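Below is one structure, written out as structure tokens, with a few remarks after it.
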Amino acid sequence: MTQNNPLLRLEHVSKEYGNQTVLNDVSTTIASGDFVAMVGMSGGGKSTLLRLIAGLESPTNGQVSQQDRIITELNTDSRTMFQDDRLLPWMTVRDNLTFGNHTPQSIEHANDLLARVDLSSFAESYPTDLSGGQKQRVALARALMSHPKLLLLDEPLGALDAFTRRKMQDLILDIWRQEHLTVILVTHDVTEAARMANKVFVIKNHRLAWQEHNALNYPRNNSQAVAAVADDILSQVIA
């Protein structure tokens, strides 16, 4: 899909809570298949923008639309991962994916996804038996259960150690490419944005201050090239 017919369109989007402006006049488009990273200082409005795209909240002014359909309620084409895994501790790992739908098709799909995130042997385990990285892999599998068009990531890797975080980055990139998803990632880590995204948004002072295509080829294993892009992003964040 081209930018002439984008998957997502944001037109003069603002969000206020009482007298506080969280987002101010944001306009942009996101194409099908894009991997967008949104970076910026804390409190700048990144997570709020993600919630508007997810349909968890409505803009005060402007509109968010997906393929010309204005998002006014929960966007069933999207699934969101958060920094906390939000798994149900009284359910097994597999049941956290099927969530009571025990049809053979649902169970088979859950098993396939657990295999993709390398957790097949934990299907009958409970979340309390898992490490932080394993819990986030379950949360990723759960987000994919409904075959979403949009995968929204609200700093899901922020609490992980560096090694586990790198493995999760690679896993998300593999799934993005294989499933032809559109992914929007909120992150404070400019290196993560440079390594993963093909488009970067800088949210500053509650506005979309900068957006740029990231032309690095995948896989992005050239640390010097990634660092150079990360420096460009950081310069826009702190300018």
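The values are calculated or read from the model by the stated rules, or taken from the named source; none is laboratory data. Just so you know, these numbers come straight off a predicted model, no measurement behind them. With ideal geometry, Cβ positions are generated from the backbone for all residues, glycine too; neighbour counts draw on all protein chains shown.
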- request: Return the only residue of R195, R220 being surrounded by 16 or more Cβ atoms within 10 Å (Cβ to Cβ) and at pLDDT below 95.
  value: R220
- prompt: What do you reckon, is L160 at pLDDT 95 or above and crowded, with 17+ Cβ neighbours inside 10 Å?
  reply: no
task: Answer yes if at least one residue in the range 108-116 is in contact (Cβ under 8 Å) with a residue 24 or more places away in the chain and within 19 Å of F163 (Cβ to Cβ), and no otherwise.
output: no
Members of the range 33-42 found to be crowded, with 18+ Cβ neighbours inside 10 Å and not aliphatic (A, V, I, L, M), listed by number: D34, F35, G40
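Residues are listed down the side, and each one gets a yes or a no for (1) of a type in the set (S, T, N, Q); (2) in contact with a Ser or Thr (Cβ under 8 Å, 6 or more places away or on another chain):
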site	(1), (2)
R94	no, no
T98	yes, yes
Q105	yes, no
N111	yes, yes
R116	no, no
S120	yes, no
Y126	no, yes
query: Out of all the residues in the range 98-109, which are within 23 Å of the chain's Cα centre (by Cα) and of a type outside the set (S, T, N, Q)?
result: F99, H109
message: Show the residue pairs meeting these rules: Cβ distance below 7 Å; 6+ apart or different chains; first residue within the range 40-58 and within 17 Å of G18 (Cα to Cα) and modelled with pLDDT of 95 or more; second residue surrounded by fewer than 22 Cβ atoms within 10 Å (Cβ to Cβ) and small (G, A, S).
response: none
message: Please list, ordered by residue number, the strands (runs of 3 or more DSSP E) wholly in the range 137-239 having 3 or more residues that are in contact (Cβ under 8 Å) with a residue 60 or more places away in the chain and aliphatic (A, V, I, L, M).
response: 150-154, 182-186, 199-204
query: Just one of V39, V117 is under 27 Å from N198 (Cβ atoms) and assigned by TED's automatic domain parsing to the domain that holds A197; which is it?
result: V39
query: Given the residues D95, D112, D34, D118, which is the only one that is closer than 30 Å to K204 by Cα and either more than 19 Å from the chain's Cα centre (by Cα) or charged (D, E, K, R) (or both)?
result: D34
- request: Answer yes or no: is there a residue in the range 86-106 that is under 30 Å from R195 (Cα atoms) and in contact with a strand residue (DSSP E or B) (Cβ under 8 Å, 6 or more places away or on another chain).
  value: no
query: Do we find a residue being among the hydrophobic types (A, V, I, L, M, F, W, C), in contact with a helix residue (DSSP H, G or I) (Cβ under 6 Å, 6 or more places away or on another chain) and not assigned by TED's automatic domain parsing to the domain that holds K135 anywhere in the range 91-106?
result: no
